[in-house]
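Remarks on the structure that follows.
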Amino acid sequence: MSNKSLVINIRKVRESKNMKQEYVAELIGVSPATYSKIENNKTRLSAVRLQQIAAVLQVPLTSLLADNTTAGTTADAATLIAFQKQQLLERDKTIFELERERDQNVERERRLLNYIKMLEQQVT
């Protein structure tokens, strides 16, 4: 399933329940502009945010992820698993990047401390 199908499903469900974008945005804790970007596929949609939207719309997550041609089949479960797997991979990538940044900061701090020690020795 493409993200385009996902956001189309979100919009259809929201409109079928006569909910305004502003209302959903408020309930999930984002600005109306940010929510609009979600429905227009202009921003990345996290698994957590998708779960929040499904809860507000009072529908199972699988119904938002469902390809309309396979709704209610095992393909829905496969789509959900694929989506969650993609989210985990993105999270792991983010964790890796944060760990790399932390290691670089630790190295910078070590060099700064050595520099400070050297300056202290020159003063004394």
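Of all residues in the stretch 18-65, exactly one satisfies the criterion of being hydrophobic (A, V, I, L, M, F, W, C), surrounded by fewer than 16 Cβ atoms within 10 Å (Cβ to Cβ) and either assigned to a loop (DSSP other than H, G, I, E, B) or in contact (Cβ under 8 Å) with a residue 60 or more places away in the chain (or both), namely MET19. Taking the criterion of being out of contact with any helix residue (DSSP H, G or I) (no Cβ under 8 Å at 6 or more places or on another chain) and either of a type in the set (Ser, Thr, Tyr) or assigned to a loop (DSSP other than H, G, I, E, B) (or both), the residues of the stretch 3-17 that qualify are SER5, SER16.
Coordinate-derived values only; no laboratory data. What you see is a predicted model, and the numbers here were worked out from it, not measured in a lab. Using ideal geometry, Cβ is built from the backbone for each residue, glycine included, and neighbour counts are taken over all protein chains shown.
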